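Structure first, then comments.
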Amino acid sequence: MTLAYILNPLDRRANDRSNAAWVLAQRQRPDARLIRIAGDSTLIKDGQLETANAASVEPTVFLGLDPQGTPWFACRTEEKEGLRDLRSLAMEEALPAEELGILAQARSTIQWHERRNFCSNCAAKLEVADAGYRRHCTGCGMDHFPRTDPVVIMVVRHEGRILLGRQKSWKPGMYSALAGFVEPGETIEDAARREVFEEAGIRVGAVRYVTSQPWPFLSNLMIGLIGEAASAEITLDQNELEDARWFSPEDARLMVAHQHPDGLYAANPFAIAHELVKTALEG
Ligand SMILES: [Zn+2]
C-alpha cells in the first residue's frame, strides 16, 4: 500500500482559472466531472467515484485538467445516500490513487469555502472569485485564499530504537509518530523539536526531511521527518498523549507488518507515519 492522497494528476491551470469565460467553457464540456463532497465523504456508486455533470450543477471550485484533458470540478452536496468517507476509501484502496489525490484537493477546498462566507477583517460578505481559488470581500476589498496548515510529524531514533506515541482516542494498539502544527515564526526543524520535547520530554538534534502528504481532514500538509534523539528519558505530557515508548527495531518491524504479539501496530498504512517508521528502520 502506498501513501494516500499524494498522487494528484491535475494541472490546476492557475493562470487560466481567473478567466471566467475559459472556466465556463470547461464546465460546458460533456466530459467535465463534478465531485460532490459532504464533510469527509463523497458519493460512490457500484464501487466507483460518482461524479455529476458540471454544466447542470453550479460548481464551487475548478480543480484542474487531468492528463486526458478532462476538467474536474467540485461542490458540496446535501445527498445522504451513497456517501463514503475519504479515510475508508484510502484504507480499502477502493479508488485509483489519482482519484484519491483529486478528492483530497476537493475536500479541503470545499471545506474552506463552507467556513469562509464572511470577511475576517470587516465581517462583510465574501464572493467567490478565480473559480473558487479566491474569495473577495464586498466591504473592504480584502482577498482571501484557501489555506493549508503545515504539520510536522517525526519519528525519533535513539540507538536503533524508535519513539512512538498514542492518543487516548485512537483505536486500541495503534502507535504513531509524534506530530503538531508549525507555529508562526518557526522553522520546520524547530517545530518538530518543540513538539517532541513538549509531548515526550525528548531533546532532538539532527532532523531530516523524508516526504510529505496532503491530509484533507481538514486541510493539512503533513511534513514527514526523522530526528535523532539527544536524550532518551521520556517525560509524558498526559494532556497530549496516553503513552509514548521507545520500540526496539524488532518490535517496530512487527508493528509495521501488523504482526505484533500484543496487537500493537504502527499507524495506518496509507498514512505518512507508517512510511516514516519503515524509513527509520531502514537506517
Ligand atoms: Zn472585508
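Here is the figure for segment 258-278: residues that are surrounded by 15 or more Cβ atoms within 10 Å (Cβ to Cβ) and among the polar types (S, T, N, Q) total 1. When residues in segment 193-209 are screened for being touching a helix residue (DSSP H, G or I) at 6+ places or on another chain (Cβ under 7 Å) and surrounded by fewer than 21 Cβ atoms within 10 Å (Cβ to Cβ), 2 of them pass.
Table: residues versus (1) in a loop (DSSP other than H, G, I, E, B); (2) hydroxyl-bearing (Ser, Thr, Tyr); (3) in contact (Cβ under 8 Å) with a residue 40 or more places away in the chain.
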position	(1), (2), (3)
Leu3	yes, no, yes
Leu7	yes, no, yes
Arg13	yes, no, yes
Trp22	no, no, no
Ile35	no, no, yes
Leu43	no, no, yes
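Restricting attention to segment 60-92, the residues that are within 19 Å of Leu7 (Cβ to Cβ), open to solvent by 10 Å² or more (accessible area, probe 1.4 Å) and among the aliphatic types (A, V, I, L, M) add up to 2. Among the criteria (1) over 20 Å from Ile6 (Cα atoms); (2) open to solvent by 50 Å² or more (accessible area, probe 1.4 Å), the one Ala252 does not fulfil is (2).
Residue-wise test of (1) outside the structural domain of Asn268 (by TED's automatic domain parsing); (2) open to solvent by 10 Å² or more (accessible area, probe 1.4 Å); (3) not in a strand (DSSP E or B).
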| site | (1), (2), (3) |
| --- | --- |
| Gly165 | no, no, no |
| Trp170 | no, yes, yes |
| Ala191 | no, no, yes |
| Thr211 | no, yes, no |
| Pro214 | no, yes, no |
| Ser231 | no, yes, yes |
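Of all residues being among the β-branched types (Val, Ile, Thr) and modelled with pLDDT of 95 or more in segment 1-59, which is most open to solvent (accessible area, probe 1.4 Å)? Just the residue, please. Spell out how you get there, then give the answer.
Step one: list which residues in segment 1-59 are among the β-branched types (Val, Ile, Thr), which gives 2, 6, 23, 35, 37, 42, 44, 51, 57.
Next, from what is left, pick out any that are modelled with pLDDT of 95 or more: 6, 23, 35, 37, 42, 44, 51.
Details: Ile6: 76, Val23: 19, Ile35: 0, Ile37: 2, Thr42: 0, Ile44: 27, Thr51: 39 Å².
Result: Ile6.
Results for (1) over 18 Å from the mean Cα position of the chain (by Cα); (2) acidic (Asp, Glu); (3) more than 26 Å from Thr148 (Cα to Cα); (4) in the same structural domain as Asn8 (by TED's automatic domain parsing), shown as yes or no for each residue.
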| site | (1), (2), (3), (4) |
| --- | --- |
| Leu178 | no, no, no, no |
| Val182 | no, no, no, no |
| Gly185 | yes, no, no, no |
| Arg194 | yes, no, no, no |
| Phe247 | yes, no, yes, no |
| Glu250 | yes, yes, yes, no |
| Ala257 | yes, no, yes, no |
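If only residues of segment 137-161 that are loosely packed, with under 15 Cβ neighbours inside 10 Å and farther than 30 Å from Asp190 by Cα are counted, the one that is farthest from the ligand (Cβ to nearest atom) is Asp143.
Test Gly185 against the criterion of being within 16 Å of the ligand (Cβ to nearest atom), in a loop (DSSP other than H, G, I, E, B) and open to solvent by 10 Å² or more (accessible area, probe 1.4 Å), and give yes or no. Judged against the criteria, Gly185 is not a match. For Ser56, indicate whether it is without any contact (Cβ under 8 Å) to a residue 12 or more places away in the chain, at negative phi, part of a loop (DSSP other than H, G, I, E, B) and among the hydroxyl-bearing types (Ser, Thr, Tyr). It is true that Ser56 is without any contact (Cβ under 8 Å) to a residue 12 or more places away in the chain, at negative phi, part of a loop (DSSP other than H, G, I, E, B) and among the hydroxyl-bearing types (Ser, Thr, Tyr).
Here Ser219 does not qualify as open to solvent by 30 Å² or more (accessible area, probe 1.4 Å), of a type in the set (S, T, N, Q) and touching a strand residue (DSSP E or B) at 6+ places or on another chain (Cβ under 8 Å). For segment 78-120, what are the residues that are over 25 Å from Arg13 (Cα atoms), more than 16 Å from the ligand (Cβ to nearest atom) and not in a helix (DSSP H, G or I)? Glu78, Glu79, Lys80, Glu81, Gly82, Leu83, Arg84, Asp85, Glu92, Glu93, Ala94, listed by residue number. The conditions of being modelled with pLDDT of 95 or more and either within 16 Å of the ligand (Cβ to nearest atom) or within 16 Å of Ala267 (Cα to Cα) (or both) are not met by Gly132.
The values are calculated or read from the model by the stated rules, or taken from the named source; none is laboratory data. Small disclaimer: the values here were computed from a predicted structure and weren't measured. All Cβ positions, even for glycine, are placed from backbone atoms using ideal geometry, and neighbour counts span all protein chains on display. The accessibility values were calculated without ligands, DNA or RNA, using every heavy atom of the protein model including side chains. Shrake-Rupley method; radii C 1.70, N 1.55, O 1.52, S 1.80 Å.
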